Amino acid sequence: MTTTKERQQIKHEFQERMDQDELLNCMRCGFCLPSCPTYIESGFKESHSPRGRIALMKAVVDGVIEPDEDVERSLDLCLGCRACEPVCPSGVNYGHLLEEARDIINQNKKHSLPVRVLRKTVFEGFFPHPGRMRMLTSLLGIYQRSGLQKAAHASGVMKLFPDSMATMERVLPQVPRLKDMKNRPNALFSIGVARKKVAFFSGCLMDTMFLETNNATTKLLQLAGCDIVIPEQQTCCGALHGHSGEKASAKDLAKKNIAAFEDSDVDYIITNAGGCGAFLVDYDHLLKDEPEWKERAIRFKNKIKDISSILVELEFHKKKNLRTDAQRITYQDSCHLRNVQRTFMEPRLLLQSIEGAEYKEMKQADHCCGSAGIYNIVESEMSMKILDHKMENAEATHAVTIVTANPGCLLQMKLGIEREGLSHKMRAVHIVDFLLEAVEE
Amino acid sequence: MITPSLKKRFTDIVGEENYRDSSAEKLVYSYDATPNFQSMPDGVIVPRSTEEVSEIVKLCNEHGVPIVPRGSGTNLCAGTCPTEGGLVLLFTHMNSILEVDEENLTATVQPGVVTLDLIHEVEARGLFYPPDPSSMKISTIGGNINENSGGLRGLKYGVTRDYVLALEAVLPNGDIVRTGGKLAKDVAGYDLTRLFVGSEGTLCVITEATLKLVPIPETKQTMLALYQDIEAAAQTVSSIISNRIIPATLEFLDQPTLEVVEDFAKIGLPVDVKAVLLIEQDGPAEVVARDMKRMEEVCLENQAVSVQLAATDVEAEALRTARRSALSALARLKPTTILEDATVPRSEIAKMVKAINEIADRYELKICTFGHAGDGNLHPTVATDARDHEEMERVEAAFEEIFAHAIDLGGTITGEHGVGMMKAPYLEWKLGPEGIGAMKMIKRSFDPNNIMNPNKVFAKESRKRVVISR
């Protein structure tokens with residue numbers, strides 16, 4: 001619930017901060033509607049479509065309506081997948097509008113105490129601190145390895161949690177040990193002639209829970225002919241913060257990252273998580289009101305490249321023999337890799353060049369899987385509806401391997417497989433792990 | 001006004017979950033794709049059947065509550081903007097394809113079916129539903145019927161009207177009527193089917209439609225003709241027709257339109273020419289080849305600088321999709337895009353293009369023109385800013401001149417977008433007072449209480465006809 005005073009303040013800040021030209025740029029043609037997962041899953045409700053959400057934001061700015069619970073609900077239910085952007089002929093930057101609106105609402109709203117504590121812990125306590133992320137992950141490791149996990153499953157205690165969370169707990173990867181997470185290299189050299197010098201953005205979740213995937217990524221880069229630097233001062237990209245109305249924290253993280261990478265003289269900064277990459281390429285927008293950072297942010301963003309994109313550029317798929325056991329595979333786009341970084345042909349090209357793998361395109365592979373950061377936890381019901389549809393399309397491909405390009409999507413696809421009871425015949429993998437398998441076999 | 005007791009009666013009909021009146025829910029149905037029109041309804045109702053529609057309409061008629069039937073709200077004439085409040089009626093529950101009859105070549109659908117979904121469904125069976133408004137990936141059949149939508153294929157195949165065989169509709173008194181049938185011939189009484197098509201929700205609520213399908217053309221070819229002279233491109237259109245060729249598509253895009261479309265679609269459209277024609281022919285391979293060759297010659301005779309044939313279906317589809325995005329892409333230029341729909345006989349297309357450019361110069365406006373040149377239907381579009389009142393006045397004056405010119409050339413104020421609220425003040429220019437009078441008689445006899453989409457088609461006051469200085 002927001003109080004009248006909070007609403008007044010929210011309204012005031014909408015008028016002050018929302019980009020009016022961008023709001024007007026939406027000419028309401030409705031071309032975005034069919035691309036919006038929540039519009040479809042809500043039974044075609046305009047209030048859960050991009051056009052409707054922009055109209056609501058504009059109406060608050062214009063003073064036509066109050067920023068009440070319904071407005072908030074409409075914005076909360078948005079996945080932020082940004083599938084509406086590539087299909088928008090007018091070129092409306094919907095993601096920017098959404099982030100600003102969420103920040104205004106969140107910063108002016110007094111959350112209940114438990115929510116406040118949780119937000120503070122997650123956004124300030126963990127993600128920006130690599131050491132604490134490692135500790136947290138290693139605690140999970142102890143839980144998994146000590147037999148506690150088995151005991152928890154046997155006791156049925158997991159039934160106390162919401163369904164999707166209980167299933168999520170089962171599909172979390174076997175996490176690395178603390179010592180492996182701690183001793184990270186800060187430079188690696190090309191195997192063979194070096195053709196590019198790159199920096200690797202290791203990410204917070206990727207460098208802890210998905211450490212193996214990070215190792216696979218640097219290995220592929222080495223094989224493709226890259227010298228790699230991994231700046232130690234880098235931190236979480238801030239995407240979770242930015243998407244959840246914690247813009248100030250996101251800016252702090254952005255500045256730290258820009259500073260961490262700007263001394264390394266590299267051709268590209270490589271990411272292996274679509275969600276992080278998309279946030280990194282938007283740093284110039286995030287810091288648009290801070291002139292002294294603008295140039296630095298632009299230099300930084302111009303170097304961001306997804307792993308699939310550099311592998312294609314270096315013709316990795318042509319130079320290496322990629323082979324796997326005979327199997328049918330499919331690919332689930334990472335929304336932010338596709339809709340923001342506009343990288344979608346490269347992963348497909350790589351996968352299609354693996355001998356033994358029969359690539360089958362999934363219907364609506366470009367639609368969000370419902371993971372969307374922490375959306376699948378906070379908006380579980382809608383997320384599961386979206387996931388159920390996704391799994392129908394995945395099953396229809398008869399693929400045994402679903403390849404993804406972002407940790408959130410990977411977990412969500414694993415969750416989907418588990419929920420559908422398909423784990424005996426289907427698996428989900430990150431594209432770099434799959435590619436490395438194909439090289440080594 | 002909808003009183004609590006009246007609201008209770010509406011929710012008794014459709015259920016609590018299908019009646020919404022929170023301010024956010026009302027706001028998102030306060031607009032359509034027409035710039036500068038916004039007005040809040042009193043409520044939004046989502047019936048599940050024709051019977052429920054009938055009960056709703058009866059109740060509205062009894063209490064004088066305006067009804068605005070709305071598909072996806074993509075129309076460009078403020079046809080679904082609830083300017084008098086009342087109820088917005090949605091068809092998101094009534095969105096099934098009921099039948100595809102492969103013996104009679106018809107499809108029977110509910111109004112909420114999305115146009116492109118129907119097209120995909122029938123094409124999978126080797127059949128063809130030609131009307132293809134640019135908004136077809138989200139527009140609904142109900143909306144198309146109410147606006148009598150056209151599209152890129154209108155030149156050869158006609159518009160929505162030409163494919164509606166039968167309708168089920170709820171009249172303002174709640175009566176459910178069925179018109180027409182799966183019939184090639186039917187002269188039983190007045191042709192209510194044709195009367196209802198394009199009636200913009202002012203006479204009835206359409207609840208079901210039976211549509212004519214045709215066999216899908218065997219082949220199709222697509223080409224782009226490039227021009228450095230806009231009027232030469234327009235002249236080519238008339239020449240193609242006078243050469244006795246009716247292409248499936250004959251679209252015109254000028255340079256500023258090409259630039260914004262390319263900015264969005266990034267498919268390598270030529271942006272260094274003044275205009276292009278997008279030309280398509282479909283049918284048996286030998287006929288298509290012959291027509292394409294002949295049209296290429298006509299283009300070159302009319303000063304086309306080059307003619308390029310699309311090499312693949314993918315390339316051709318990309319061109320069509322790019323063309324369909326033209327209007328929305330123009331929104332990249334300025335915050336507000338206002339477009340018109342003036343239509344002239346095909347022989348007059350070059351004169352109309354010339355007049356539009358002269359008017360743009362005179363009023364110092366940026367007018368971009370694209371459209372279905374082959375059927376004389378142009379969409380001159382002004383890139384402007386609704387906040388600039390002085391410029392908006394010039395925009396209005398310029399469009400009045402464009403309307404007047406179109407009518408002088410034997411044309412009309414709207415070819416396919418409908419009158420709605422936006423063009424209502426100009427309808428009399430086309431019809432004359434007697435014509436308006438005749439239409440009002442029809443309106444009054446169907447809808448004496450004026451509950452069906454009030455304020456649309458008929459304006460409270462007509463604009464005074466401008467005098468054109470030549």
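What follows is calculated from the coordinates using simple rules that are stated; it is not laboratory data. Bear in mind the structure is a predicted one, so any value in this text is a computation, not a measurement. Here the Cβ positions follow ideal geometry from the backbone for every residue, glycine too, while neighbour counts run over all protein chains shown.
Summary of computed values
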read-out	value
Average Cα contact separation per residue, chain A, under 8 Å, 6 or more apart, as relative contact order %	14
Ascending count of other beta-carbon atoms within 10 Å, so fewest first, for B:M441, A:M135	B:M441, A:M135
Proxy reagent accessibility, fewest Cβ within 10 Å first, across B:E348, B:E147	B:E348, B:E147
For segment B:135-151 versus segment B:420-435, the gap between their alpha-carbon centres in whole angstrom	22
Peptide-level mean, for A:61-69, of C-beta atoms on other protein chains within 10 Å	2
Value at 222 nm in deg cm²/dmol, rounded to 500, when DSSP H runs of n ≥ 4 in the protein assembly as shown each add -39,500 (n - 2.57)	-13000 deg cm²/dmol
Using θ = phi - 60° and Karplus 6.51 cos²θ - 1.76 cosθ + 1.60, couplings along segment B:414-424 (whole Hz; Gly, Pro as x)	8, x, 8, 8, x, 8, x, 8, 5, 9, 3
Within straight-line cross-link reach of B:K351, lysines at Cα separation under 30 Å, skipping those fewer than 8 residues along the same chain	B:K156, B:K274, B:K293, B:K334, B:K366, B:K423, B:K430, B:K464
Mean separation of Cα contacts under 8 Å, 6 or more apart, over the residue count of chain B: relative contact order %	15
Simple label model, 7 Å out from Cα along Cβ direction - B:L431 to B:L116, nm	3.4
Listed residues A:G43, A:P128, A:L75: farthest to the positive end of the dipole of the protein assembly as shown (Cβ charges)	A:P128
Sequence-distant residues sharing a close amide H with A:Y359 (under 5 Å, placed H)	A:I329
In degrees, nearest ten, helix B:313-324 long axis to first principal axis of chain B (Cα)	60
Karplus-derived 3J(HN,Hα), 6.51/-1.76/1.60, for each residue of segment B:100-113, Hz, glycine and proline x	10, 9, 7, 8, 9, 6, 9, 10, 10, 9, 8, x, x, 5
Listed pairs A:K45/A:K109; B:K8/B:K456; A:K390/B:K137; A:K120/A:K256; A:K45/B:K460 exceeding 23 Å between Cα atoms	A:K45/A:K109; B:K8/B:K456; A:K45/B:K460
Share antiparallel - DSSP beta bridges, chain B, percent rounded to 5	85
Within 10 Å of each Cβ in B:29-38, the average number of Cβ atoms from other chains	4
Equivalent ellipsoid, chain A (semi-axes from 5 times Cα gyration tensor eigenvalues, Å)	34, 26, 23
Antiparallel bridge percentage (DSSP; both residues within segment A:178-311; nearest 5)	15
DSSP-defined antiparallel bridges as percent of all bridges, the protein assembly as shown, nearest 5	65
Fewest-first sequence of A:F126, B:F458 by Cβ atoms within 10 Å of each Cβ	A:F126, B:F458
Centroid-to-centroid separation of segment B:179-231 and segment A:396-432 [C-alpha atoms, Å]	45
FRET efficiency for A:K318 and B:A184, using Cβ-Cβ distance with R0 set to 56 Å, rounded to 0.05	0.40
Nonlocal amide H pairs with B:L98, under 5 Å, H built at 1.01 Å	B:T108, B:V109, B:Q110
Simple spin-label estimate for B:I246 and A:S423 in nanometres, 7 Å along Cα-Cβ	6.4
Cα centre as origin, Lys/Arg/Asp/Glu Cβ charges: chain A dipole, Debye	920
In nm, spacing of pseudo-spin labels at A:A194 and B:N449 (7 Å Cα→C-beta vector)	8.3
Contact order relative to length of segment A:317-440, as percent, for alpha carbon pairs under 8 angstrom and 6 or more apart	31
Proportion of all alpha-carbon pairs of segment A:4-107 beyond 15 Å (%)	57
Between segment B:294-346 and segment A:30-87, the alpha-carbon center distance in angstrom	31
³J(HN,Hα) computed for each position of segment A:324-332 - Karplus, 6.51 cos²θ - 1.76 cosθ + 1.60, integer Hz, glycine/proline x	9, 4, 4, 6, 9, 10, 9, 10, 9
Against the rule of thumb 2.2 N^0.38 Å, how large the Cα Rg of segment A:113-171 comes out	1.32
